[in-house]
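Student: Take this structure, written in structure tokens, and hold onto it; I'll ask about it next.
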Amino acid sequence: MQSTRVAILGVDVGGTFTDAVLLDGGRVRTAKVPTALRQEESVLAAARAVGAEGVVHFAHGTTVATNALLERRGARTAFVANEGFEHLLHLRRQTRAHLYRLCDEHPPPLVPLERCYGVRGRVGPNGELEPLDLSTLPDVGDAEAVAVCLLFSFRDPSHERAVVEELRRRNPGAHVVASHEVAPEFREYERASTTAVDAYLAPVAARYLRALADAARDAGLPEPLVMLSSGGVASVDEAAAHPATILVSGPAGGVVGAGLVARRAGFEQAIAFDMGGTSTDVCLLPGGRAARVAERAVGGLPIRLPTVDLHTVGAGGGSLVTRDAGGAIQVGPESAGAHPGPACYGAGGGATVTDANLLLGRLPAELPGGLVLDRAAAERALGDIDPQAVIDVVNAEMLRALRVVSVERGHDPRDFALVAFGGAGPLHACALAEELDIEAVLVPEAAGVLSALGLVAGEERRDRVVSYVRPLAEVGELPADGDADLRYRGQSFELTVPLQHDLAAAFHHAHEERYGHAEPEREIELVAVRTADVTPGPDVSLHVTDCYKVEGPALVELHGATCWVPAGWHGETNDDGTLVLRR
Amino acid sequence: MNVELQVIGSALRAVAEEMGAVLIRSAFSANIKERRDCSTAIFDESGRMIAQAEHIPVHLGAMPDAVAAAMSLCLTPGQVCILNDPYTGGTHLPDVTLVSRTSLGYAVSRAHHADVGGMEPASLPAFSRELYQEGLIIPPMLLTAEVEQLFAANARNPDERRGDLRAQISAHRLAERRIDELCTRRGRERIAAAMDELYAYSERMVRAAIARLPDGTWSAEDVVEAVDGELTIRASFEIAGDEIRIDFTGTDPQDSYNLNCPMSVTRSACYFVVRCLTEPDLPASGGAFAPVAVTAPEGCLVHARAPAAVVAGNTETASRIVDVLFRALGNRAQGQGTMNNVALGNDGFTYYETIGGGQGACADGDGPSGVHVAMSNTLITPVEALELSYPLRVERWHLRTGSGGAGRHRGGDGVVRELRVLEDCRLSVLAERRAHGPHGADGGEDGVPGRTLVNGEEQPAKVTRQLHAGDVIRIETPGGGGLGSG
């Protein structure tokens, strides 16, 4: 029973690198290995590199599902809807892809028209309108996966359940998903889209996760828990059954890690700012935990599932800098990537944000790992473009993203600390904080591998949603803990209010806060109740090797990231090794 | 463009977008909350459009006239002007526009309300012959509690109207706060200077793009299917250096029914085409339209004189103006050329939707299927949202496969939508392209014309009639034209 060492392992697979964090008796060890084609090999390589032994808890963030969706490598999928509604996935919500480029197309639906089928039978808002006739259910051919989305199944799933059972009976090899199992909420297109994504990804995700679980067992590691888009973790079997829940797995780990760092530094209100090479994710952390949204688009497809409320901008350290016909400086969305990389890597790359940072003296002459940065190449690539102007432009993009998650959601950024991570986050954070009047910037010691740290700290979480869509006054007892989605009868969008004794008063108050007026005479409708079974994550304690103070202007080199401390800023590390910067 | 300018430009656009989000999220009618038939924008002190949320093209191009009309009231900060009169700043009566004074310029919201009174529920009568029949006319006036009461009292669903109007007001309150914050943070003078420069920047970009197009004059004509027979729109499109001149001389006199466009709507349609041709990705300010001159003889279909009825001009004639201009330029096939307006209502409910169809094929690709093709980009109401709130049932909703015109590039397909009414009610359908399919170009085939059926019986392009519980309306929307011989 006794184990001499009790270690916790987190492995996050990214596009370029796979990061590992090992918590071993309070000590933190990190490692970075290149991501291989087969992700399970990278995971094991990272585990070896970090010296994982005696691991009792193993958490994992993966991009397998996301990549399979973006690269369209999912299963051959069929779609079953009510007769007359077969083309739901193709009709979307009828908006065009671009207002003024008239032939631009949305990303094509995951299921082509010839595999979209209908079945006779209909449920309406108040129950069955026409009995289900399973004899009209067509043969779905050689489909490997089937998504079933019938109208009003979020209220009465009986037809959908019968269709799914019949499909499973007829096609024992196929993976069949019912929309009410995945996203039991109204709005058929969004629910159908979520279900189709889930079905499309299931065979790919299941293959990978089972291979990983096997490899982990062979390596003496416990079965991994998988990070969900919601910021919780689930078992391999659960994630494999519904891979639409793991599309934001890696970034969710970063957000959880940022929350951990902020709470331990004594900041209850924080904003996570994760600036990588090609994109930047920001997320509000009220109470030190990620805010969640009920829907998010991935690869142009709506996913109606609880997801950390990330706002993503297509600009990062490696984004290319250009000038348009009107003389405006553009940053991104194209990126120099890892190869050739920024101009200063000396491999023939174009001008990037990183080059501008180098010319401004915010990067060391040599990166950890021995890459000597080529200043002359950076100068040549930028030409007559002022490097400070490049930083200002990219910071304007970042500011807009930070405002979207804070100001636009009714939060004053001045009440928040900014947690900066990712390769480029700590370079830009102080300037952004100044613009938003934020007083404190937190730079975790593991800024380059924070997602992996978040994985080890993740709580086990199973989200449940119960759809009501009926007057609040007529609803009986509700759970004690969780959130309620409420609206005035007649509205279509809900405000989410924590479950409490006087829900009505709480909703009027929230409406007043958000929209500037409440209408107490209007009837309130309860749309859904969201609850989660949560098992707290492991108690993570961090021990630091060396403490230091810093006074701007200064450059601080961290594991996998560089921090720029401008003039007027100063700071010191706390017990976790987090650099707390203030003005 | 300097960096501060880019930063301020982003901030102003963010204000317009946030206004739109607040309006949609707190609105009550399906047409605003689900279909997002609304637009928002920020204007400067002199009434020039500086930033907009990209929602509905027909709204946006016509907004400067609304601000000009509101400015005559000399608003003070915090005051809100309401208007819908097509002859003083409006488009058609259901589009209710609010203009409020901020600490630096104006905030504008325009939202299509599902009923503003008039002779038929949902205020889209097929047979109106003068504006008075189309609803309550609101010339520019201060929005007070009394005006709100008057407005609600004249609509068939006063509770919903009040809710939607308050959602609009919320958007304005937000804009006022945000512009205040911006001025405090960066200085009012700098914001004002940035607004000037943002306007000039769009103008420079669009002028440069026009200058890159070959000079010349092209002309074309096409028809709309009026109640009394077809009416012709003629247009000439001239590119000269860095300017565009569009003239509608030769267009038929105004319709005795309601296909008429006030000049603001005609200009809006022209601006849309210029935007597609020049700088589709530019975050536009009013400067983008400074190089464009639009003229039309007064009293013609596209420059109607008060009190001509206008309800279908905004959706249908505007669509055809776009078709005529693209046809003159010859490089793309026509899209469905109609918005397929369907309005239903009785004493208990009013419901309005517009339905997408086939886009015309472009030189570089097939036309998309089942979308709004030009001056609108509203969403469809989800079946479940519709059935939860209205005495309606959706019987079918699918692509009208094969309706797009053949060609080297195919036109997009239209759609089929069937609604069963569960109560006795009035129906109005304002549609086009029922007699003639959208034209193909360069040897491509025409799209299949649309159809409107009630219980299987074909209806004219414009129809208002009684329905009984159980009746089924079927709309088959037109396919887009093809481009190039197959």
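The values are calculated or read from the model by the stated rules, or taken from the named source; none is laboratory data. These numbers were taken from a predicted model, which means no experiment stands behind them. When we count neighbours, we look across all protein chains shown, and the Cβ atoms used for this are built from the backbone with ideal geometry, even at glycine.
Student: Just one of (1) part of a loop (DSSP other than H, G, I, E, B); (2) within 12 Å of another protein chain (Cβ to nearest Cβ); (3) hydrophobic (A, V, I, L, M, F, W, C); (4) in contact with a Ser or Thr (Cβ under 7 Å, 6 or more places away or on another chain) trips up A:Ala396, so point out which.
Tutor: Only one criterion in (1) part of a loop (DSSP other than H, G, I, E, B); (2) within 12 Å of another protein chain (Cβ to nearest Cβ); (3) hydrophobic (A, V, I, L, M, F, W, C); (4) in contact with a Ser or Thr (Cβ under 7 Å, 6 or more places away or on another chain) is unmet by A:Ala396, namely (1).
Student: Here are the criteria: (1) at pLDDT below 90; (2) outside any strand (DSSP E or B); (3) more than 14 Å from chain B (Cβ to nearest Cβ). Tell me which single one A:Asp533 does not satisfy.
Tutor: Going through the list (1) at pLDDT below 90; (2) outside any strand (DSSP E or B); (3) more than 14 Å from chain B (Cβ to nearest Cβ), A:Asp533 breaks only (2).
Student: Still on this structure, I have one more. Within the stretch A:361-376, can you find the residues that are farther than 18 Å from A:Leu558 by Cβ and either among the basic types (Lys, Arg) or surrounded by fewer than 15 Cβ atoms within 10 Å (Cβ to Cβ) (or both)?
Tutor: Let us first name the residues in the stretch A:361-376 that are farther than 18 Å from A:Leu558 by Cβ, namely A:372, A:374-376.
Scanning the stretch A:361-376 gives A:Val372, A:Arg375, A:Ala376.
Student: A further question on this structure: Return the total of residues in the stretch A:31-43 being part of a helix (DSSP H, G or I) and of a type outside the set (A, V, I, L, M, F, W, C).
Tutor: Residues flagged as part of a helix (DSSP H, G or I) and of a type outside the set (A, V, I, L, M, F, W, C) within the stretch A:31-43 amount to 4.
Student: Another question, if that's okay. Give the residues of the stretch B:220-253 that are of a type in the set (S, T, N, Q), surrounded by fewer than 16 Cβ atoms within 10 Å (Cβ to Cβ) and either assigned to a strand (DSSP E or B) or at pLDDT below 95 (or both), sorted by residue number. Explain how you work it out, then say what you get.
Tutor: Taking the stretch B:220-253 first, the residues of a type in the set (S, T, N, Q) are B:232, B:236, B:249, B:251.
From the residues that got through so far, the ones that are surrounded by fewer than 16 Cβ atoms within 10 Å (Cβ to Cβ) too are B:232, B:249.
Residue satisfying the conditions is B:Thr232 alone.
Student: I've got another one for you. From B:Ile8, B:Ile24, grab the single residue that is at pLDDT 90 or above and part of a helix (DSSP H, G or I).
Tutor: Residue meeting the stated conditions: B:Ile24.
Student: Determine which member of the set B:Thr295, B:Thr317 is touching a Cys at 6+ places or on another chain (Cβ under 6 Å), of a type outside the set (Phe, Trp, Tyr) and at pLDDT 95 or above. Full working, then the answer.
Tutor: Details: B:Thr295 fails: touching a Cys at 6+ places or on another chain (Cβ under 6 Å).
Being touching a Cys at 6+ places or on another chain (Cβ under 6 Å), of a type outside the set (Phe, Trp, Tyr) and at pLDDT 95 or above holds for just one of B:Thr295, B:Thr317, which is B:Thr317.
Student: Which numbered condition trips up A:Glu40, out of (1) acidic (Asp, Glu); (2) within 30 Å of A:Arg161 (Cα to Cα); (3) within 23 Å of the chain's Cα centre (by Cα)?
Tutor: All conditions are met except number (2).
Student: Please indicate, with yes or no, whether at least one residue in the stretch A:457-470 is more than 30 Å from A:Phe58 (Cα to Cα) and not in a strand (DSSP E or B). Working first, answer last.
Tutor: As a first pass, look at the stretch A:457-470 and keep what is more than 30 Å from A:Phe58 (Cα to Cα): A:466-470.
Next, only the ones that are not in a strand (DSSP E or B) stay: none.
No: zero hits.
Student: Another question about this same structure. Could you figure out which of (1) touching a strand residue (DSSP E or B) at 6+ places or on another chain (Cβ under 8 Å); (2) closer than 13 Å to A:Val6 by Cα; (3) modelled with pLDDT under 90; (4) not aliphatic (A, V, I, L, M) isn't true of A:Phe58?
Tutor: Status for A:Phe58: all satisfied but (3).
Student: Being assigned to a strand (DSSP E or B) and not acidic (Asp, Glu) is the requirement here; does A:Ala46 meet it?
Tutor: In short, no.
Student: I'm checking my understanding of the structure. Among residues of the stretch A:299-319 that are part of a strand (DSSP E or B) and touching a helix residue (DSSP H, G or I) at 6+ places or on another chain (Cβ under 6 Å), which one is farthest from the other protein chains (Cβ to nearest Cβ)? Full working, then the answer.
Tutor: Let us first name the residues in the stretch A:299-319 that are part of a strand (DSSP E or B), namely A:301-303, A:307-308, A:310-313, A:319.
Right, trim to touching a helix residue (DSSP H, G or I) at 6+ places or on another chain (Cβ under 6 Å) and you get A:301-303, A:308, A:310-311, A:313, A:319.
Values: A:Leu301: 16, A:Pro302: 12, A:Ile303: 16, A:Val308: 20, A:Leu310: 17, A:His311: 12, A:Val313: 11, A:Ser319: 15 Å.
Among those residues, the one meeting the criterion is A:Val308.
Student: Hey, another quick one. Would the stretch A:320-332 turn up any residue that is in contact with an Asp or Glu (Cβ under 6 Å, 6 or more places away or on another chain), in a strand (DSSP E or B) and away from every other protein chain (no Cβ under 14 Å)?
Tutor: Our first condition is that a residue be in contact with an Asp or Glu (Cβ under 6 Å, 6 or more places away or on another chain); within the stretch A:320-332, this holds for A:320, A:330.
Applying the additional criterion that residues be in a strand (DSSP E or B) yields A:320, A:330.
Among the residues that remain, those that are also away from every other protein chain (no Cβ under 14 Å) are: A:320.
Checked against the condition, which is being in contact with an Asp or Glu (Cβ under 6 Å, 6 or more places away or on another chain), in a strand (DSSP E or B) and away from every other protein chain (no Cβ under 14 Å), the stretch A:320-332 yields at least one hit.
Student: Mind listing whichever residues of the stretch B:277-310 are over 24 Å from B:Phe43 (Cβ atoms) and among the aliphatic types (A, V, I, L, M)?
Tutor: B:Leu277, B:Ala296, B:Leu301, B:Val302, B:Ala304, B:Ala306, B:Ala308, B:Ala309
Student: For the stretch A:72-109, how many residues meet the condition of being touching a residue at least 24 places away in the same chain (Cβ under 8 Å) and within 7 Å of chain B (Cβ to nearest Cβ)?
Tutor: 7
Student: Then there's this: For the subset of the stretch A:485-495 comprising residues that are touching a residue at least 40 places away in the same chain (Cβ under 8 Å) and not acidic (Asp, Glu), which member is nearest to the other protein chains (Cβ to nearest Cβ)?
Tutor: A:Arg487
Student: Quick one: in the stretch B:44-63, which of the residues that are away from chain A (no Cβ under 14 Å) and crowded, with 22+ Cβ neighbours inside 10 Å is modelled with the lowest pLDDT? Lay out the reasoning, then the answer.
Tutor: Just the residues of the stretch B:44-63 that are away from chain A (no Cβ under 14 Å), to begin with: B:44-50, B:62-63.
Now drop any that are not crowded, with 22+ Cβ neighbours inside 10 Å, which leaves B:44, B:49-50, B:62-63.
Values: B:Asp44: 97, B:Met49: 96, B:Ile50: 96, B:Ala62: 88, B:Met63: 93.
So the residue we want is B:Ala62.
Student: Exactly one of (1) free of Cβ contacts under 8 Å to residues at least 12 places away in the same chain; (2) out of contact with any strand residue (DSSP E or B) (no Cβ under 6 Å at 6 or more places or on another chain); (3) among the acidic types (Asp, Glu) is unmet by A:Asp324. Its number?
Tutor: Answer for A:Asp324: the failing condition is (2).
Student: Examine the stretch B:30-38 for a residue that is closer than 30 Å to A:Ile385 by Cβ and of a type in the set (Lys, Arg), and state whether such a residue exists.
Tutor: Taking the stretch B:30-38 and keeping what is closer than 30 Å to A:Ile385 by Cβ, we get none.
No; the residues of the stretch B:30-38 include none that is closer than 30 Å to A:Ile385 by Cβ and of a type in the set (Lys, Arg).
Student: Filter the stretch B:295-354 for residues that are farther than 25 Å from B:Ala30 by Cβ and acidic (Asp, Glu); which is nearest to the chain's Cα centre (by Cα)?
Tutor: Filtering the stretch B:295-354 for residues that are farther than 25 Å from B:Ala30 by Cβ and acidic (Asp, Glu), the one nearest to the chain's Cα centre (by Cα) comes out as B:Asp323.
Student: Taking into account only those residues within the stretch A:487-509 that are part of a loop (DSSP other than H, G, I, E, B) and more than 30 Å from the chain's Cα centre (by Cα), which is surrounded by the most Cβ atoms within 10 Å (Cβ to Cβ)?
Tutor: Our first condition is that a residue be part of a loop (DSSP other than H, G, I, E, B); within the stretch A:487-509, this holds for A:490, A:492-494, A:499-502.
Filter once more, so that each one left must be more than 30 Å from the chain's Cα centre (by Cα): A:490, A:501-502.
Working: A:Gly490: 19, A:His501: 7, A:Asp502: 9.
Among those that are part of a loop (DSSP other than H, G, I, E, B) and more than 30 Å from the chain's Cα centre (by Cα), it is A:Gly490.
Student: Turning to a different aspect of this structure: With respect to the numbered conditions (1) outside any helix (DSSP H, G or I); (2) within 7 Å of another protein chain (Cβ to nearest Cβ); (3) surrounded by fewer than 24 Cβ atoms within 10 Å (Cβ to Cβ), which one is the sole condition not fulfilled by B:Ala14?
Tutor: Of the numbered conditions (1) outside any helix (DSSP H, G or I); (2) within 7 Å of another protein chain (Cβ to nearest Cβ); (3) surrounded by fewer than 24 Cβ atoms within 10 Å (Cβ to Cβ), the odd one out for B:Ala14 is (1).
Student: Across the stretch B:303-326, what is the number of residues that are farther than 16 Å from B:Lys462 by Cβ and assigned to a loop (DSSP other than H, G, I, E, B)?
Tutor: Applying the first criterion (farther than 16 Å from B:Lys462 by Cβ) to the stretch B:303-326 yields B:303-307, B:321-326.
Going one step further and asking which of them are assigned to a loop (DSSP other than H, G, I, E, B), we end up with B:304-307.
Summing the residues that are farther than 16 Å from B:Lys462 by Cβ and assigned to a loop (DSSP other than H, G, I, E, B) in the stretch B:303-326 gives 4.
Student: For the stretch A:506-522, what are the residues that are without any contact (Cβ under 8 Å) to a residue 60 or more places away in the chain, within 13 Å of another protein chain (Cβ to nearest Cβ) and closer than 22 Å to B:Glu176 by Cα?
Tutor: A:Ala510, A:His511, A:Glu512, A:Tyr515, A:Gly516, A:His517, A:Ala518, A:Glu519
Student: For the stretch B:136-161, give me the residue count where each residue is in a helix (DSSP H, G or I) and under 27 Å from B:Pro307 (Cα atoms). First the steps, then the outcome.
Tutor: To start, the set of residues in the stretch B:136-161 that are in a helix (DSSP H, G or I) comprises B:145-153, B:158-161.
Checking which are under 27 Å from B:Pro307 (Cα atoms) leaves us with B:146-153, B:158, B:161.
Residues that pass the stated criteria total 10.
Student: Ok, one more. Could you pull out the residue among B:Val342, B:Val394, B:Val421 that is at pLDDT 95 or above and either in contact with a helix residue (DSSP H, G or I) (Cβ under 6 Å, 6 or more places away or on another chain) or facing chain A (nearest Cβ under 7 Å) (or both)? Break it down stepwise before answering.
Tutor: Values: B:Val342 fails: either in contact with a helix residue (DSSP H, G or I) (Cβ under 6 Å, 6 or more places away or on another chain) or facing chain A (nearest Cβ under 7 Å) (or both); B:Val421 fails: either in contact with a helix residue (DSSP H, G or I) (Cβ under 6 Å, 6 or more places away or on another chain) or facing chain A (nearest Cβ under 7 Å) (or both).
The match here is B:Val394.
Student: If you check B:Pro77, B:Pro94, which single one turns out to be farther than 25 Å from B:Leu379 by Cα and touching a strand residue (DSSP E or B) at 6+ places or on another chain (Cβ under 9 Å)? Don't jump to the end; show me each part of the working.
Tutor: Details: B:Pro94 fails: farther than 25 Å from B:Leu379 by Cα.
After applying the criteria, what remains is B:Pro77.
Student: Restricting the first residue to the stretch B:146-168 and requiring it to be away from every other protein chain (no Cβ under 14 Å), which pairs with a second residue that is polar (S, T, N, Q) meet a Cβ separation below 6 Å and a spacing of at least six or different chains?
Tutor: From the stretch B:146-168, the pairs are B:Arg156/B:Thr350.
Student: If you take the residues of the stretch B:177-219 that are part of a helix (DSSP H, G or I) and among the polar types (S, T, N, Q), which of them is farthest from B:Gly241 (Cα to Cα)? Before the answer, list the steps.
Tutor: To start, the set of residues in the stretch B:177-219 that are part of a helix (DSSP H, G or I) comprises B:177-186, B:188-212.
Those still in the list that are among the polar types (S, T, N, Q) too: B:184, B:202.
Details: B:Thr184: 42, B:Ser202: 17 Å.
The qualifying residue farthest from B:Gly241 (Cα to Cα) is B:Thr184.
Student: Of the residues A:Ser153, A:Ser179, A:Ser158, which is within 23 Å of the chain's Cα centre (by Cα) and modelled with pLDDT of 95 or more?
Tutor: Values: A:Ser153 fails: within 23 Å of the chain's Cα centre (by Cα); A:Ser158 fails: within 23 Å of the chain's Cα centre (by Cα).
Exactly one residue qualifies, and that residue is A:Ser179.
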